[in-house]
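Encoded as structure tokens, the structure appears first; notes follow it.
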């Protein structure tokens with residue numbers, strides 16, 4: 001069986017969130033040394049996987065700190 005993998009890229013979305021929730025996310029993210037957005041993505045990914053909404057074999061997207069350079073040519 002052949003499986004076609006699509007390249008996954010992060011999407012920028014605007015959401016509304018309770019400031020108490022965001023402050024807790026931001027505080028924990030800072031403690032871990034990551035961005036609040038990254039922390040929230042990891043938290044959501046892990047829990048969606050736990051509940052079977054993301055396949056257990058699916059891996060998180062990699063770190064792109066400093067920008068996505070996947071489409072840029074090497075000099």
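Coordinate-derived values only; no laboratory data. Note that this is a predicted model, so its numbers are computed, not measured. Neighbour counts are summed over all protein chains in view; Cβ atoms, including those assigned to glycine, are modelled from backbone coordinates with ideal geometry.
The length gained by stretching the chain between residue 10 and residue 36 to full extension, at 0.36 nm per residue less their Cα-Cα distance, is 7.9 nm.
How would 28, 63, 7 line up from fewest to most surrounding beta-carbon atoms within 10 angstrom?
On the way: 28 14, 63 8, 7 5.
Listed from fewest to most nearby Cβ atoms, that is 7, 63, 28.
What is the calculated FRET efficiency for residue 26 to residue 54, with r their C-beta to C-beta distance and R₀ = 22 Å, to the nearest 0.05? Numbers along the way, then the final one.
Working: r = 24 Å, r/R0 = 1.10.
Here the calculated transfer efficiency is 0.35.
Entry note, the range 1-63: relative contact order of 22 percent, from Cα contacts under 8 Å with a spacing of 6+ residues.
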